[in-house]
Every structure is written in C-alpha cells, then in structure tokens.
Amino acid sequence: PEARPGNDDLAVRLAREILHERLVDPPTIEDLALAVKAKPFALIRAFKAVTGLPPHAYLNTLRVSRARGLLDSGVPAARVAADVGFTDQAHLTRHFKRIVGVPPAAYQRAGTYKTEAENST
C-alpha cells in the first residue's frame, strides 16, 4: 500500500523494518522514503511522531542496543563497531556513551565483573 498522510503508521513500520534489516548498510533518507512510498520530509516527521526519534537517531539507538548485546557476549569493542555499522570504534564510543552513559569498554568491564561475581556466589 502507498504511504499517504493517513497512512503514516504503515510508512513508519515499513521504514523501521528496513532499518532493522539494513543496520550495517542503511539506505539514505531518500531511498528509505522511496521504499515506503513517502516523501522524505513527511517520513521524517511521521517517524519522529511515532517513535520519538528521527530515522538516523533511531538507527544509532538500534545500533547501540545491538552493540550492548555483542559486548555482553565478550566481543571486542572494535569488532562490535564494525558489526553494528559504526565507521570505527570512536564512532561507537561517542554514541554508546551518549545513550548508555558509559563508554563501551567500561560497560563491558562492568558486565564481565558482574558475571564473574555472580559465578563465584
């Protein structure tokens, strides 16, 4: 179905699905809008109204969420950055610290410590 002003939820749902599928290689806003049959600025407004974030911020939040899971699994931060689509470890660190509150290495150390402490009890 074509996305129209009354169909904002559909366009946003489809856009979210695309962003989840293409985490590492996301489309441009123009390509995303074309894929969901919406105009770029209308999609950005609708996306923000539904999710609370514009598409790019949503994508970064999604990447950080996936990064947390990988860090919890013991994957090194440099590899995590590439695996979730950040350009490098510094890019991951900047967004991770803003969203989570601590850098990835500190997050991973805290998680490792907690796991070791839980295992010893």
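List every residue pair whose Cβ atoms sit under 6 Å apart, with the two residues 6 or more apart in sequence or on different chains, where the first one lies in region 75-89 and is within 13 Å of Ala105 (Cβ to Cβ) and the second, anywhere, is polar (S, T, N, Q). Hits for this filter: Ala77/Gln89; Ala78/Gln89; Ala81/Gln89.
All of Leu19, Leu70 fail the test of being out of contact with any Asp or Glu (no Cβ under 7 Å at 6 or more places or on another chain), modelled with pLDDT of 95 or more and hydrophobic (A, V, I, L, M, F, W, C), apart from Leu19. When you check Val75 against the structure, is it more than 20 Å from Ala15 (Cβ to Cβ), hydrophobic (A, V, I, L, M, F, W, C) and assigned to a loop (DSSP other than H, G, I, E, B), yes or no? It is true that Val75 is more than 20 Å from Ala15 (Cβ to Cβ), hydrophobic (A, V, I, L, M, F, W, C) and assigned to a loop (DSSP other than H, G, I, E, B).
The values are calculated or read from the model by the stated rules, or taken from the named source; none is laboratory data. Values in this document were obtained by computation on a predicted structure and should not be read as measured data. Every residue, glycine among them, receives a Cβ derived from its backbone with ideal geometry; neighbour counts consider all protein chains shown.
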